[in-house]
Structure formats: structure tokens, C-alpha cells
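Accompanying notes for the structure given below.
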């Protein structure tokens, strides 16, 4: 390594190259090197068998081109009425638990907490098709590509699956970055008659299962678990994000308490570290569990760091 020349008060070329190539923070933001140097962010790496490797499932890595696929060697099963279908993947009703075999030799067992998913609003004696997937960055249940009908709207008709324009688009959505397809257009057929389908959901003011909850003042709280399909997805400057219902109450620096679906890119929201700018705001369709936070005393809590308002619980 070079040394500092105290006589000329100049750095040797070796030290200058190290200084130009160093990665440093300026006002909390990484300042890029002015030289032809680059560093891999530490959160793009993972440790496997005591070795650091690139984690291609990480959202900080932009994937372009082919990535070795994963496969699912298990199956789904369903029951039906004349107007509904219920999908199972928990080992009941002749189903089996999905196990994803990945190209690195690892195996991942998909959670079964969302099994027993009922889709209503269907026609009798009709074939319907579905595209389930697992998102590697998800902490929730299996995801389903948004379909053309049903409640939740995740069912496709035979015409949808053979549409030369839209069918490839549906399949591409199943394989978007971070998604691992679990089956391709699995088919379920409604019964000829008798019975009615079930359903779930209702209510709002909730965040997706897996969200970190911390009440202001460490006050006690309870959680009511329900099913949800439509989400608002918000990401702030420090990289943290939040999946919540459309009407989930958040706080911005201009209007105070606002609905999550009214917040857009560039807005400033209140977090556990102060004001932060929204760098991404979009909507997502995913069948998942939502956690409705209830507090008998107090009103405020942080959801993944986003200041939120609770549902008032009965004393």
C-alpha cells in the first residue's frame, strides 16, 4: 500500500486510488465513486455453507434474462358447488403440500395457512383455470395471478387460456421477478347444482400478515386475522415497504391522517425515523391474510415503520 508523503503533503498514487474507490455516506445517502470502481451492496449477498453468494431472490438485484427455474412436485385439489370452487394445498381433500425444488439443490415447503381458498361468483358446470405462485420475498400466503372473473378475481375461462394475445401475458405475470410458478393453469370445475360457496374478507384498516407491529408507547394490542385480495404497496427512501388495505390510515406531512390509496410517489409520510419520501406507490392483487390491529387505549402504531392508526377495540 502507498504512503502519505509528508514532505510534499501529497498522497502517493496508491492511496489516491483507494480514496477515489472508497464507498462513503453523505447525509445518509451513498455517494458514488468518481472513479471506475463499484461495490456490491452487502444486502445483495447471502451466506450459504460459510460462503457469501449473490442472492438472486433479493429485490436489490435486477434480473434480466434467464434464471434457472424451480419446480413444484406436489399438487392442488379442490371442492366445488354450482357457484364456487375451494382450493386446498394442505394435504386435505386429496391435495398435497407444495414443495419447491430449486436449482441450487434446496427444497422449500410452501406455507399452508391460506389453504381452503374459496372463489365465489362462478357459473355451474363450468371449467375454470388458475395461476398460483410463490413470491420469494413474500411473508404471506400463496399468490394468484389476477384473473378475469370470480371473487376474489383470480379465475380464468378456457377462452382466456387460449387467447393468443392475453394468455402469454397472464403466464408472464406468474413468473415476474421473485415469483416461482406452482402450477400452470390448474383446472377446477363447478358442480351441476346444489349448495353455495363461502367467502372471506370484509373490513379494512389492516396490514398484510408478517408486517412488524410496534405500538406508540408500547401499549397492548390485539390482532384480528381476515382474508384480503387488494393491497396498496408503498416503499420509502430507506428501502422499507408496507402492504396494506386501500383504506388503511397513514400520516403525511401535509394533510395529516390520510388513506393509503391516496398516497403517491413523492409524498412525505411520517415514520419511526421521521419524515420520509415515498419512492414507489402501486397496487397489488394477492390473496393473503391481513392483520387488523386493535387497541383499547391509544391509537397509533408503526407498521414496518409507517405511522398508522388503529381500529378502536372495545374495553
Next item on the list: Provide the packing ranking of 256-268, 124-136, i.e. peptides ordered by the mean count of other C-beta atoms within 10 Å per residue, highest first.
Entry: 124-136, 256-268
Next item on the list: Run the quick spin-label model on residue 191 and residue 44: label points 7 Å from Cα toward the beta carbon, then report their separation in nm to one decimal.
Entry: 5.4
Checklist line | Among 275-284, 231-240, the order from most to least packed when residues are scored by Cβ within 10 Å on average | finding: 231-240, 275-284
Next item on the list: Report the dimensions of segment 71-189 along its three principal axes from the alpha-carbon atoms, largest first, rounded to Å.
Entry: 42, 35, 21
Margin query: Can you tell me the length gained on complete extension of the stretch residue 275 to residue 240, counting 0.36 nm per residue apart and subtracting the Cα distance?
Written below: 11.3 nm
Check: Would you list 228, 82 from fewest to most Cβ contacts within 10 Å?
Finding: 82, 228
Notebook entry, point to check: How big is D, in µm² s⁻¹, for segment 164-285 by Stokes-Einstein at 10 °C and 1.306 mPa s if Rh is the Kirkwood radius over C-alpha pairs?
Noted result: 91
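FYI, it's all coordinate maths here, none of it is from the lab. Computed from a predicted structure; not experimentally measured. For neighbour counting, all protein chains shown are included, and Cβ atoms are generated from backbone atoms with ideal geometry for every residue, glycine included.
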